[in-house]
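S.K.: Could you have a look at this structure, given as structure tokens, before my questions?
The values are calculated or read from the model by the stated rules, or taken from the named source; none is laboratory data. Please read all numbers here as calculations on a predicted model, not as lab measurements. With ideal geometry, Cβ positions are generated from the backbone for all residues, glycine too; neighbour counts draw on all protein chains shown. Ligands, DNA and RNA are stripped out before the accessible areas are found, and what is left, the full protein with its side chains, is counted by its heavy atoms. Shrake-Rupley method; radii C 1.70, N 1.55, O 1.52, S 1.80 Å.
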Amino acid sequence: PSTFSFSLAGFIEEPERKYCFECDSEEQCQEWIEALKRASYEFMRRSLIFYRNEIQKMTGKDPLEQYGISEEARFQLGTHK
């Protein structure tokens with residue numbers, strides 16, 4: 001049977017390390033890649049910003065303000081960690 005694979009590399013803490021994944025189908029590879037993207041810091045940050053803005057539109061209040069973190073750069077659009 002054919003195997004399909006993909007790899008991940010370029011981690012900040014371990015730039016030389018590479019992870020290889022094997023799947024039974026191309027579709028399974030795509031499912032894994034999408035799941036890994038959704039688990040990424042950047043995806044979660046963008047989701048937080050999106051929902052923060054939606055809540056603010058609905059309530060008129062910044063939901064992060066109560067935690068004292070609403071002005072932190074990581075929660076602003078256009079900034080990256």
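S.K.: If you go through segment 36-81, how many residues are over 20 Å from the mean Cα position of the chain (by Cα), part of a helix (DSSP H, G or I) and either modelled with pLDDT under 90 or charged (D, E, K, R) (or both)?
M.R.: Of the residues in segment 36-81, 4 are over 20 Å from the mean Cα position of the chain (by Cα), part of a helix (DSSP H, G or I) and either modelled with pLDDT under 90 or charged (D, E, K, R) (or both).
S.K.: Taking the stated definitions as given, is E13 open to solvent by 100 Å² or more (accessible area, probe 1.4 Å) and outside any loop (DSSP other than H, G, I, E, B)?
M.R.: So E13 does not fit the description; no.
S.K.: Do you know which residues across segment 16-30 are surrounded by fewer than 12 Cβ atoms within 10 Å (Cβ to Cβ), outside any loop (DSSP other than H, G, I, E, B) and out of contact with any strand residue (DSSP E or B) (no Cβ under 8 Å at 6 or more places or on another chain)?
M.R.: Once the filter is applied, which keeps residues that are surrounded by fewer than 12 Cβ atoms within 10 Å (Cβ to Cβ), outside any loop (DSSP other than H, G, I, E, B) and out of contact with any strand residue (DSSP E or B) (no Cβ under 8 Å at 6 or more places or on another chain), segment 16-30 yields only E27.
S.K.: Looking at Y51, Y19, which one is touching a Leu at 6+ places or on another chain (Cβ under 8 Å) and without any contact (Cβ under 8 Å) to a residue 40 or more places away in the chain?
M.R.: Y19
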